[in-house]
Amino acid sequence: MHIRRAVPIDAPVIAPLLGQLGYPTTAEAVAARFARLAGSENDVAWLAVDPDEADAEAVIGFGAGHLFWPYELDAPLAELTALVVAESNRGTGAGRALVATFEEWATAEGAVRATVSSAFRRTGAHAFYERLGYEQLAKKFDKHL
């Protein structure tokens, strides 16, 4: 398995993964999101690819990160905004590899902290992040507008 940057033409393989994460979407919508973020140095996405699959480049996972500068700190923070591994490929190390790639990118960009949000019902994801050294430091609140 290897990790590579996601590009707009990957939209058809990213859309079903986002659906498995609980965000049903279409390839067209994902492509539009790539277009909206084009040129942003603060947003990046990666794919986990299994070269051993029959398909020449079987995408088995997706991760995305965002870098931002909060007013309360003198250095940026990095947020892992999406992480999903195809249900049939979970437990293969793809998620761990995507998180490692995110953390390497965040460190290279000067981030002093990495953060990730995970729904209360995703207890397996919570254990995964804890195994990688993440800890719950706050309670996050959302409001749909």
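The values are calculated or read from the model by the stated rules, or taken from the named source; none is laboratory data. Every value quoted in this text rests on a predicted model; they were computed, and no experiment measured them. With ligands, DNA and RNA removed, areas are computed over all heavy atoms of the protein, side chains included. Shrake-Rupley method; radii C 1.70, N 1.55, O 1.52, S 1.80 Å.
Among the residues of the range 119-129, what is the count of those that are in a helix (DSSP H, G or I) and of a type in the set (Phe, Trp, Tyr)?
Here is the first cut: in the range 119-129, the ones in a helix (DSSP H, G or I) are 123-129.
Remaining after also requiring of a type in the set (Phe, Trp, Tyr): 128-129.
The qualifying residues number 2.
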Scan the range 77-109 residue by residue and report those that are at pLDDT 95 or above and basic (Lys, Arg).
Arg96
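Please return the ranges of strands (runs of 3 or more DSSP E) entirely within the range 1-118 where 2 or more residues are open to solvent by 70 Å² or more (accessible area, probe 1.4 Å).
On the way: elements: 2-5, 43-50, 58-68, 77-85, 113-116.
Of the strands (runs of 3 or more DSSP E) lying wholly inside the range 1-118, those with at least 2 residues that are open to solvent by 70 Å² or more (accessible area, probe 1.4 Å) span 2-5.
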